[in-house]
Amino acid sequence: MKFSDKVKAKAVIRRVADQYGVAVSEVRREMQAALDAAWDNPDEQVQEQQRRLFPEGKPSLELFLVTLAKDIKGD
């Protein structure tokens, strides 16, 4: 992951925290919990999508956000 992508991901987390008036650490904790729950989803279609997007395994939160954004945009 490029440094600029990591900076953008952190900015998104910061923006969400500001928008909801909570600490960045709380947003990170909740996003990580959601990522963990999604990663543990037993649905085979979900698992296939995860393997396609993250062939090396469970990503960091920043990599998850960057990859998902790029996938949605079609980059």
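The values are calculated or read from the model by the stated rules, or taken from the named source; none is laboratory data. The shown structure was predicted, so the numbers you read here are calculated from the model rather than taken from an experiment. All Cβ positions, glycine included, derive from the backbone under ideal geometry; neighbour counts span all protein chains shown.
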Close pairs (7 angstrom Cβ cut-off, 6 or more residues apart or separate chains): in a helix (DSSP H, G or I) and among the acidic types (Asp, Glu) in segment 59-75, surrounded by 13 or more Cβ atoms within 10 Å (Cβ to Cβ) and modelled with pLDDT of 90 or more anywhere: Glu62/Ala9; Glu62/Lys10; Asp71/Leu53
Count - residues of segment 1-29 that are without any contact (Cβ under 8 Å) to a residue 12 or more places away in the chain, surrounded by 12 or more Cβ atoms within 10 Å (Cβ to Cβ) and outside any helix (DSSP H, G or I): 1
Expected single match for at negative phi, assigned to a helix (DSSP H, G or I) and over 11 Å from the mean Cα position of the chain (by Cα) among Gln47, Gln32 is Gln47
In segment 44-59, which residues are over 14 Å from Asp71 (Cβ atoms), surrounded by fewer than 10 Cβ atoms within 10 Å (Cβ to Cβ) and not small (Gly, Ala, Ser)? Glu44, Gln45, Glu56
